[in-house]
Structures are given as structure tokens and as C-alpha cells.
Amino acid sequence: QVQLVESGGGLVQPGGSLRLSCAASGSIFSIDAMGWYRQAPGKQREPVATFTSDGSTNYADSVKGRFTISRDNAKNTVYLQMNSLKPEDTAVYYCNARIRRLSVSGLSFYWGQGTQVTVSS
């Protein structure tokens, strides 16, 4: 199987910064796409920042200019640098990946367990 493990969440004041990490491990041949989603209480899970299969990035309008997604392909790890955090950024942040597995045809879809980000004064 494949496992995604997130880390880096926590409590910060408005205007503060956090960096999230997500490491993929297991029977991985290649990662086709990888990124971050979030879900606030009472809200639907939504994409925040993603790498697509062609290597381009997509950001939600609400985070553009404040968040930056990056990756280390050799380590199968993706990061989310979050600056100028606002209370409305409070959510559980989930790592997502579409992965080509060893000895398995096609792409498989995986979620991490989530990491809590709380922005409050």
C-alpha cells in the first residue's frame, strides 16, 4: 500500500506562518499529482494548492499570494508554506496524491490523515 503522512500543523496568531509537509511512502512507481486540500467545520473539503501531472501549480483564490506549494521529488514529499495566515484559514489540511504504484496499472488515489491548522488570537 501507499501511505501519506502530514506534519507541521498547529496554532498560530493571525499574520503568522506555518509550513506543512507530506511524505508519501510505500510501493510507489511515480507520483502523477500531489497537493493540499482543507476542510473547515461545516464546510466541504476544498483544494488549496496542487501540483498537476504536467508540473504546473494551482492555487485557490483565497490563498494565492500567501501560500506556496513546493516539492522534493527524490523524497516523494510536498510542502505548503503558509504566510499571512487568517482566521478563515483554520481547517484540517489534507495531503492528496494520485500515484502510479509498482506492479499496478493505472493511477490510485490517496489521502493523508490530516493535520489541524488553527489561526486565532
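We did not get these values from a lab; they are worked out from the coordinates using the rules stated. Bear in mind that the values here come from a model prediction, so they are computed numbers and not experimental data. For neighbour counting, all protein chains shown are included, and Cβ atoms are generated from backbone atoms with ideal geometry for every residue, glycine included.
Database remark: amide H of Gly9 closer than 5 angstrom to no amide H (H placed geometrically; neighbours at sequence offset of 5 or more, or on other chains; Pro and chain starts carry no H). This model, with +1 at the C-beta of Lys and Arg and -1 at the C-beta of Asp and Glu, gives the chain a dipole about its Cα centre of some 80 debye. About its Cα centre, segment 3-63 has a charge dipole of approximately 240 debye under the convention of +1 per Lys or Arg Cβ and -1 per Asp or Glu Cβ, with nothing else charged.
So which trypsin sites (Lys or Arg not before Pro) in segment 14-62 are both in a DSSP loop and have at most 16 other Cβ atoms within 10 Å of their Cβ? Let's see the in-between values first.
Values: sites: Arg19, Arg38, Lys43, Arg45; in loops: Lys43, Arg45.
Here the sparse-neighbourhood loop sites are Lys43, Arg45.
Binning the C-alpha pair distances of the chain at 5 Å intervals from 0 yields a P(r) profile of 2, 12, 23, 24, 18, 10, 6, 3, 1, 0 %, listed from the shortest bin outward. If you wrap segment 63-121 in the convex hull of its Cα atoms and look at it from every side, the mean projected area works out to 5.3 nm². Sequentially through segment 49-59, phi angles give Karplus couplings (6.51, -1.76, 1.60; θ = phi - 60°) of 7, 9, 9, 8, 5, 8, x, 6, 10, 10, 10 Hz, Gly and Pro residues having no value and appearing as x.
Among the trypsin sites (Lys or Arg not before Pro) found in segment 46-94, those both in a DSSP coil and sparsely packed, with 13 or fewer other Cβ atoms within 10 Å of their Cβ, are Lys64. Candidates Ala60, Leu80, Ser121 compared by Cα position along the dipole of segment 20-121: farthest toward the positive end lies Leu80, with charges placed on Cβ.
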